[in-house]
Amino acid sequence: MGRKVNRGPDSYLGFIGVSTSESSIMTVFPQWAEALGLPTRRLIGLDLLLDSPAEVYREVVATIRDDPRHWGALVTTHKIAVYAAASDFFDSLDEPATTFGEISCIAKRGNRLLGSAKDPVTVRLALEEFLPDDHFRRNAAAALVLGSGGAGTALTHQLGVRDDRPERIVCTSLSAEPLEHARTVHERAGIPDGLISYVVTTDSEEVDRLLESLPPSSLVVNATGMGKDRPDSPISNDALFPDQGVVWDFNYRGALDFLAQARRQQTERRLQVEDGWRYFIHGWSQAVAEVFDIPMPPAKVDELGRIAARLR
């Protein structure tokens, strides 16, 4: 930890997203700040349109850098865009940020601006909480990850480098560009050729067919943002999840269409269904630790989780 910094009584933490006012963190953060003894209880959300011009992201990062009251920020939906548009503003980027081409956490150390990518850590921590470390080997199961943005790519990377790899991994996107980015990340990590398939899907029926091809006990993940940032689901209401499958929706708020589809089949298909709540807890606790330069051991994360659950 560094020395204590005082940014004044009006200091604040930023939250860059799409619908920040609807996030539980807006009520949770002041309670976390109290429990952790943070120097501010203020969290200010900034909503940006999806695919905003580069100038918008550069202006946002410049404001964080130049405002002495600003502690830093967590970035959700726009993390790849922030990296692409404004990575040159940062004095230091951690290895995951440069590997994944994203910035999900912005912190300041004195006059230096630091960027980091927390998804690889947070997605692994959340996954380990509900998926046994021998799940794929024991069940000869596969994984289908819908969406190849920052979170989806972090997950397929983590699945590809774990000792207990899926029999195969399928990642999808609505266009080829995110898949090429994901392929580059996977190649840098030394993930074996042929393990991961990259599929452009243009409608829900194509995704339904991918679901039908999965063996029992496979992992199915919604990392598209649909059901939170955008309405609807990446699959149709006629889709069938794999028998005894593990279904994970990265979302915990919003319409949650995909989560509802899984829950409707939960008993009949013997599904294990997980929402994105613990992913949310890990993501924010890691960002708070980075921005305020404090330790975040597992026991502290659990304490923060209990505080958040009371306000959910």
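The values are calculated or read from the model by the stated rules, or taken from the named source; none is laboratory data. Computed from a predicted model, the values in this text were never measured in an experiment. Positions of Cβ are generated from backbone atoms using ideal geometry, with glycine treated the same way; all protein chains shown enter the neighbour counts. Just so you know, the surface numbers come from the protein's heavy atoms only, side chains and all, with ligands and any DNA or RNA stripped out. Shrake-Rupley method; radii C 1.70, N 1.55, O 1.52, S 1.80 Å.
For segment 86-104, what are the residues that are touching a residue at least 60 places away in the same chain (Cβ under 8 Å) and crowded, with 24+ Cβ neighbours inside 10 Å? Full working, then the answer.
Step one: filter segment 86-104 for residues touching a residue at least 60 places away in the same chain (Cβ under 8 Å), giving 99-101, 104.
Scanning segment 86-104 gives PHE100, SER104.
May I ask you to say which residue of ARG278, ARG269 is under 21 Å from SER204 (Cβ atoms) and among the basic types (Lys, Arg)?
On the way: ARG278 fails: under 21 Å from SER204 (Cβ atoms).
One residue alone meets the criteria, ARG269.
If ARG165 passes every condition in (1) modelled with pLDDT under 95; (2) under 23 Å from PHE241 (Cβ atoms) but one, which one does it miss?
(1)
From the set of residues in segment 128-143 that are under 30 Å from HIS78 (Cβ atoms) and out of contact with any Lys or Arg (no Cβ under 9 Å at 6 or more places or on another chain), which is most open to solvent (accessible area, probe 1.4 Å)? Write out each step before concluding.
The initial filter retains those residues of segment 128-143 that are under 30 Å from HIS78 (Cβ atoms), namely 128-131, 143.
From the residues that got through so far, the ones that are out of contact with any Lys or Arg (no Cβ under 9 Å at 6 or more places or on another chain) too are 128, 131.
Numbers: GLU128: 109, LEU131: 9 Å².
The residue in question is GLU128.
Are there any pairs with C-beta distances below 6 angstrom linking a residue in segment 270-298 that is farther than 23 Å from LEU113 by Cα to a residue that is of a type in the set (D, E, K, R) and in a helix (DSSP H, G or I), with the two at least 6 apart or on different chains, and if so which?
These pairs meet every condition: VAL273/ARG263; ARG278/GLU129.
If you check SER204, SER217, SER233, which single one turns out to be surrounded by 15 or more Cβ atoms within 10 Å (Cβ to Cβ), at positive phi and modelled with pLDDT of 95 or more?
SER217
Of the residues ASP193, ASP238, which is over 18 Å from the mean Cα position of the chain (by Cα), over 18 Å from ALA154 (Cα atoms) and without any contact (Cβ under 8 Å) to a residue 60 or more places away in the chain?
Working: ASP193 fails: over 18 Å from ALA154 (Cα atoms).
Just one listed residue meets the conditions, ASP238.
Exactly one condition in (1) in contact with a Leu (Cβ under 9 Å, 6 or more places away or on another chain); (2) in a strand (DSSP E or B); (3) surrounded by fewer than 20 Cβ atoms within 10 Å (Cβ to Cβ); (4) not basic (Lys, Arg) is not met by TRP71; state its number.
If we test TRP71 against (1) in contact with a Leu (Cβ under 9 Å, 6 or more places away or on another chain); (2) in a strand (DSSP E or B); (3) surrounded by fewer than 20 Cβ atoms within 10 Å (Cβ to Cβ); (4) not basic (Lys, Arg), just (3) comes out false.
Tell me which residues, restricted to segment 1-37, are of a type in the set (A, V, I, L, M) and open to solvent by less than 50 Å² (accessible area, probe 1.4 Å). Before the answer, list the steps.
Here is the first cut: in segment 1-37, the ones of a type in the set (A, V, I, L, M) are 1, 5, 13, 16, 18, 25-26, 28, 33, 35-36.
The answer is LEU13, ILE16, VAL18, ILE25, VAL28, ALA33, ALA35, LEU36.
Might you check whether a residue that is modelled with pLDDT under 95 and not in a loop (DSSP other than H, G, I, E, B) occurs anywhere in segment 37-51?
no
Given ASP238, ASP249, which one is surrounded by 15 or more Cβ atoms within 10 Å (Cβ to Cβ), acidic (Asp, Glu) and in contact with a helix residue (DSSP H, G or I) (Cβ under 7 Å, 6 or more places away or on another chain)?
Details: ASP238 fails: surrounded by 15 or more Cβ atoms within 10 Å (Cβ to Cβ).
Answer to the selection: ASP249.
Based on what the data block shows, is GLU34 farther than 22 Å from ALA117 by Cβ, at pLDDT below 95 and not hydrophobic (A, V, I, L, M, F, W, C)?
Details: farther than 22 Å from ALA117 by Cβ: yes; at pLDDT below 95: no; not hydrophobic (A, V, I, L, M, F, W, C): yes.
Taking the combined requirement at face value, the residue does not satisfy it.
Any residue in segment 43-64 that is within 21 Å of LYS300 (Cα to Cα) and open to solvent by less than 40 Å² (accessible area, probe 1.4 Å)?
yes
Taking segment 105-118 only, how many residues are open to solvent by 10 Å² or more (accessible area, probe 1.4 Å) and either touching a strand residue (DSSP E or B) at 6+ places or on another chain (Cβ under 7 Å) or more than 26 Å from ASP67 (Cβ to Cβ) (or both)? Please lay out each step first, then the result.
Residues of segment 105-118 that are open to solvent by 10 Å² or more (accessible area, probe 1.4 Å), as a first pass: 108-112, 114, 118.
After this cut, where a residue has to be either touching a strand residue (DSSP E or B) at 6+ places or on another chain (Cβ under 7 Å) or more than 26 Å from ASP67 (Cβ to Cβ) (or both) as well, the list is 108, 112, 114, 118.
The qualifying residues number 4.
Is it the case, given these coordinates, that SER148 is polar (S, T, N, Q), within 21 Å of TRP71 (Cβ to Cβ) and surrounded by 24 or more Cβ atoms within 10 Å (Cβ to Cβ)?
Working: polar (S, T, N, Q): yes; within 21 Å of TRP71 (Cβ to Cβ): no; surrounded by 24 or more Cβ atoms within 10 Å (Cβ to Cβ): yes.
So SER148 does not fit the description; no.
Looking at (1) surrounded by fewer than 18 Cβ atoms within 10 Å (Cβ to Cβ); (2) within 22 Å of GLU303 (Cβ to Cβ); (3) without any contact (Cβ under 8 Å) to a residue 60 or more places away in the chain, which one does THR40 not meet, given that it meets all the others?
Failing condition for THR40: (1).
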